[in-house]
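The values are calculated or read from the model by the stated rules, or taken from the named source; none is laboratory data. Here the structure is a predicted model, which means the values were calculated and not measured. Here the Cβ is made from the backbone with ideal geometry for all residues, glycine too, and neighbour counts use every protein chain on show.
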Amino acid sequence: MTSERNVFVFSNNEGAADFAVNKWMEIAAASLTHKDYFTVALSGGKTPVDLYKRLCVYKDTFSWEKTHIFLADERFVPAYDKDSNLGLIKEHLLNHIEIPDENLHTISTEDITLEQSAKKYEEDIRRFFRSEGDSIPQFDLIMLGIGEDGHTASLFPGASSLTVTERLAIAVTTDRIPHNRISLSLPVLANAKRIMFLVTGANKAKRVKEIMEDEECTLPAALVLQQSRGAWFVLGESAASLLCQKSTRQ
Ligand code: 6PG
């Protein structure tokens, strides 16, 4: 499959976050023209904090009651832990908007094993999307980041989780990171209607170049791109600094 890639480069992180918010609004509006809900999966990490804060501006004007928020991945720690992705998203977005509890599709991390939690999250996703058998649900939008090693969500380079095809959510254990995690699987990420990678910082430039320009690249973010219909790369100038082609510069 040839996947389309759209690149948007911004001289500052605020510009990138504003652009991502505008795109979010457009995608949500388009999704809501043919069904009565909008589905989005969010990532953790530092980069999307600006985006989450800017979304709060729309607290009274966006259809949060029709929005279903899932997590692209979660660290296996309680929600009050400083490393929790849900904790981060609550702090910067969810605590500031009114969204029904049943629209939040979180990942259990307490009183449950890692594997049970992955299964439970998968069941929640299947129930919501009414997906049966080996059908892969399709999110309207998945927001992703890219780690310095090329990981995305919690799919890490060389991990066996990259070959999983029959699961929607997977348990991730690795010595490279301090916490075990739960992640949407590669087929689910790649099947989203829209994928937006939001990446800033010079430390990501080398990986961004490999992921976008090397067709043979096997880094997790590259696999998501290659297996998808296409993705948008919303990049800070320094993250984009090594790219040969920057089709759109803002
Ligand atoms: C997480 C993620 C992860 C993140 C990248 C980039 O929970 O850590 O979802 O995939 O998006 O590691 O993180 P930064 O934005 O902090 O660079």
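Report yes if some residue within the stretch 129-144 is modelled with pLDDT of 95 or more, among the aromatic types (Phe, Trp, Tyr) and not in a helix (DSSP H, G or I); otherwise report no. Yes, some residue in the stretch 129-144 is modelled with pLDDT of 95 or more, among the aromatic types (Phe, Trp, Tyr) and not in a helix (DSSP H, G or I).
Residues that are part of a loop (DSSP other than H, G, I, E, B), within 16 Å of the ligand (Cβ to nearest atom), touching a residue at least 60 places away in the same chain (Cβ under 8 Å) and crowded, with 21+ Cβ neighbours inside 10 Å: does the stretch 17-34 have at least one? Checked against the condition, which is being part of a loop (DSSP other than H, G, I, E, B), within 16 Å of the ligand (Cβ to nearest atom), touching a residue at least 60 places away in the same chain (Cβ under 8 Å) and crowded, with 21+ Cβ neighbours inside 10 Å, the stretch 17-34 yields no hits at all.
Residue-wise test of (1) outside any loop (DSSP other than H, G, I, E, B); (2) crowded, with 24+ Cβ neighbours inside 10 Å; (3) in contact with a helix residue (DSSP H, G or I) (Cβ under 7 Å, 6 or more places away or on another chain).
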position: ASP149; (1), (2), (3): no, no, no
position: ARG167; (1), (2), (3): no, no, yes
position: ILE170; (1), (2), (3): yes, yes, yes
position: LYS209; (1), (2), (3): yes, no, no
position: CYS217; (1), (2), (3): no, no, yes
position: ALA222; (1), (2), (3): yes, no, yes
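Taking the criterion of being in contact (Cβ under 8 Å) with a residue 60 or more places away in the chain, under 20 Å from GLU14 (Cα atoms), crowded, with 21+ Cβ neighbours inside 10 Å and within 14 Å of the chain's Cα centre (by Cα), would at least one residue in the stretch 177-188 satisfy it? No, because not a single residue in the stretch 177-188 is in contact (Cβ under 8 Å) with a residue 60 or more places away in the chain, under 20 Å from GLU14 (Cα atoms), crowded, with 21+ Cβ neighbours inside 10 Å and within 14 Å of the chain's Cα centre (by Cα). Against the numbered list (1) free of Cβ contacts under 8 Å to residues at least 60 places away in the same chain; (2) on the phi < 0 side of the Ramachandran plot, ALA41 comes up short only at (1). What residue, among those in the stretch 190-226 that are basic (Lys, Arg), more than 12 Å from the chain's Cα centre (by Cα) and away from the ligand (no atom under 15 Å from the Cβ), is nearest to THR165 (Cα to Cα)? Here the residue is LYS193.
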